[in-house]
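Notes for the one structure printed next.
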Amino acid sequence: MNMQKRFRRPEPPAHRFTVGQKVRMKNWAGSTMKSVAIFEVLATLPASGGSLQYRIRDNDEKHERIATEDNLEAADMWSSKDRSSFNL
(Lines give C-alpha, C1' and ligand atoms only; values in the text may rest on other atoms or scores of the structure.)
Protein backbone atom coordinates (compact mmCIF):
# COMPACT_ATOMS: atom_id res chain seq x y z
CA MET A 1 0.00 0.00 0.00
CA ASN A 2 1.24 3.50 -0.82
CA MET A 3 1.89 5.22 2.53
CA GLN A 4 1.80 8.71 1.02
CA LYS A 5 -1.82 8.30 -0.05
CA ARG A 6 -2.82 6.84 3.28
CA PHE A 7 -1.22 9.46 5.52
CA ARG A 8 -1.71 12.91 4.03
CA ARG A 9 -0.69 16.00 5.88
CA PRO A 10 -3.63 18.23 6.66
CA GLU A 11 -3.94 21.34 4.51
CA PRO A 12 -2.86 24.49 6.34
CA PRO A 13 -5.75 26.86 7.05
CA ALA A 14 -6.26 29.68 4.57
CA HIS A 15 -5.50 33.23 5.65
CA ARG A 16 -8.56 35.48 5.76
CA PHE A 17 -6.62 38.62 4.77
CA THR A 18 -4.27 39.09 1.83
CA VAL A 19 -1.00 40.99 1.41
CA GLY A 20 -1.77 44.64 0.66
CA GLN A 21 -5.21 44.54 2.30
CA LYS A 22 -6.14 47.27 4.80
CA VAL A 23 -7.11 46.02 8.26
CA ARG A 24 -7.94 47.42 11.69
CA MET A 25 -7.08 45.93 15.06
CA LYS A 26 -10.09 44.81 17.12
CA ASN A 27 -8.37 45.36 20.49
CA TRP A 28 -5.72 47.97 21.08
CA ALA A 29 -3.04 47.02 23.64
CA GLY A 30 -5.41 44.87 25.66
CA SER A 31 -8.21 47.42 25.86
CA THR A 32 -11.67 46.81 24.48
CA MET A 33 -11.65 50.03 22.45
CA LYS A 34 -11.37 49.60 18.71
CA SER A 35 -8.38 51.12 17.00
CA VAL A 36 -8.96 53.86 14.45
CA ALA A 37 -5.55 53.18 12.91
CA ILE A 38 -5.57 51.44 9.55
CA PHE A 39 -2.81 48.91 8.94
CA GLU A 40 -1.62 47.29 5.73
CA VAL A 41 -0.92 43.56 5.65
CA LEU A 42 2.74 43.16 4.65
CA ALA A 43 3.02 39.37 4.93
CA THR A 44 1.10 36.29 5.97
CA LEU A 45 2.77 34.18 8.66
CA PRO A 46 2.18 30.67 10.00
CA ALA A 47 -0.14 29.98 12.90
CA SER A 48 0.89 30.49 16.49
CA GLY A 49 -1.27 29.24 19.32
CA GLY A 50 -3.99 28.17 16.89
CA SER A 51 -4.40 31.54 15.17
CA LEU A 52 -2.84 32.61 11.87
CA GLN A 53 -0.53 35.62 12.05
CA TYR A 54 0.16 38.67 9.90
CA ARG A 55 2.93 41.23 9.68
CA ILE A 56 1.20 44.63 9.55
CA ARG A 57 2.25 48.27 9.45
CA ASP A 58 0.57 51.64 9.89
CA ASN A 59 2.01 54.24 7.49
CA ASP A 60 2.30 56.73 10.36
CA GLU A 61 4.59 54.43 12.35
CA LYS A 62 8.19 53.46 11.68
CA HIS A 63 7.89 49.90 12.99
CA GLU A 64 5.94 46.79 12.01
CA ARG A 65 3.74 44.61 14.20
CA ILE A 66 2.79 40.97 14.32
CA ALA A 67 -0.93 40.44 14.85
CA THR A 68 -3.06 37.33 15.03
CA GLU A 69 -6.02 36.88 12.71
CA ASP A 70 -8.50 36.81 15.58
CA ASN A 71 -7.40 40.35 16.53
CA LEU A 72 -7.88 41.85 13.05
CA GLU A 73 -10.86 42.92 10.98
CA ALA A 74 -11.13 44.27 7.46
CA ALA A 75 -10.90 48.07 7.35
CA ASP A 76 -14.01 48.09 5.19
CA MET A 77 -16.44 45.24 4.69
CA TRP A 78 -15.86 45.07 0.92
CA SER A 79 -12.14 44.31 1.27
CA SER A 80 -12.72 41.05 3.14
CA LYS A 81 -13.02 37.59 1.59
CA ASP A 82 -16.36 37.48 3.43
CA ARG A 83 -17.95 39.64 0.75
CA SER A 84 -19.00 36.48 -1.10
CA SER A 85 -21.78 36.11 1.47
CA PHE A 86 -23.45 39.24 0.06
CA ASN A 87 -25.52 38.18 -2.93
CA LEU A 88 -26.70 41.20 -4.87
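The values are calculated or read from the model by the stated rules, or taken from the named source; none is laboratory data. The shown structure was predicted, so the numbers you read here are calculated from the model rather than taken from an experiment. With ideal geometry, Cβ positions are generated from the backbone for all residues, glycine too; neighbour counts draw on all protein chains shown.
General remarks:
- Test for Gly30: is it in a loop (DSSP other than H, G, I, E, B), at pLDDT 90 or above and loosely packed, with under 12 Cβ neighbours inside 10 Å: no
- Members of segment 1-27 found to be at pLDDT 70 or above and over 18 Å from Leu72 (Cβ atoms), listed by number: Arg6, Phe7, Arg8, Arg9, Pro10, Glu11
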